[in-house]
Amino acid sequence: MVTVRRLGADDVALARATFAMMGEVFEEPVGTLSDAYLRALLIPPTFWAFVALEDGEPVGGVTAHTLMMTRSESREVFIYDLAVRADRQRRGIGRQLVRTLKAAAAAEGIALSFVPADDEDTHALAFYEALGGEAAPVTIFTFEADSVTAAGNAGRGAGHG
């Protein structure tokens, strides 16, 4: 049986195991996260981390961040990562994680959640559509510190800014 619960500041070891499992699912390395860092991450109520446990072991997880809006006195939840171990996929665990997150956010007065998905990740697109999500035509840009500085300098040199 799978149970889902929110991680808190006292769940450092479980958070470490959950984030490591999520990194394995994404085939991305997870750096060494200190206890102090994990506690600092888990303390703010604006960070959401839920783990799906089976026999005490993390088999899925979701992380999200609350964003304060500037057009109204409201908040939205940005789902950052959702992962379920490959051997536990297609059993409703991901759906249970998202539903639990949405219910917890709704209990705090947050009605809207959103998640980016890569266009080529057809599995994720189908999953989010099956949950009732509506696709939005958005392109997300990422910046590293050096690219912002270089772009800013290039813009100034070209007479912009």
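Please treat every number below as a calculation from the coordinates, not as lab data. Quantities reported herein were computed from a predicted structural model and do not represent experimental measurements. So basically every Cβ, Gly included, is an ideal-geometry build from the backbone, and we count neighbours across all protein chains shown.
Some points to look at:
- Other residues within the sphere of radius under 13 Å centred on the Cβ of G23, judged by their own Cβ, net out at -2 (K and R +1, D and E -1).
- Seen from E108, the other residues with C-beta closer than 15 Å to its C-beta sum to a net charge of +1, counting Lys and Arg as +1 and Asp and Glu as -1.
- In sequence order, calculated HN-Hα J values of region 117-134 (Karplus, 6.51, -1.76, 1.60; Hz; x Gly/Pro): 9, 5, 4, 7, 8, 5, 4, 5, 4, 5, 4, 5, 5, 5, 7, x, x, 10
- Additional length obtainable on full extension of the chain from Q89 to V2, 0.36 nm per residue less Cα span: 30.1 nm
- Extreme residue, positive dipole direction of region 2-115, given options T3, A15, V25 (C-beta unit charges): T3
- When the Gaussian network model of the chain links Cα atoms closer than 10 Å, the mean-square fluctuations of E73, E144, E108 top out at E144.
- Residue-span extension gain [A103 to T142] - 0.36 nm each, minus C-alpha spacing: 11.1 nm
- Within-10-Å neighbourhood charge of E54 [Cβ basis; K, R +1; D, E -1]: +1
- Here volume of the Cα convex hull per residue in Å³ was computed from the coordinates, and among [x] 121; [y] 166; [z] 108 the match is [y].
- Spin-label pair F26-M69: with each label point 7 Å from Cα along the Cα-Cβ axis, the two points sit 2.7 nm from one another.
- Here is how the number arises for the chain: DSSP H runs of 4 or more residues each give -39500 (n - 2.57), the sum is divided by the residue count, and the result at 222 nm is -11500 deg cm²/dmol.
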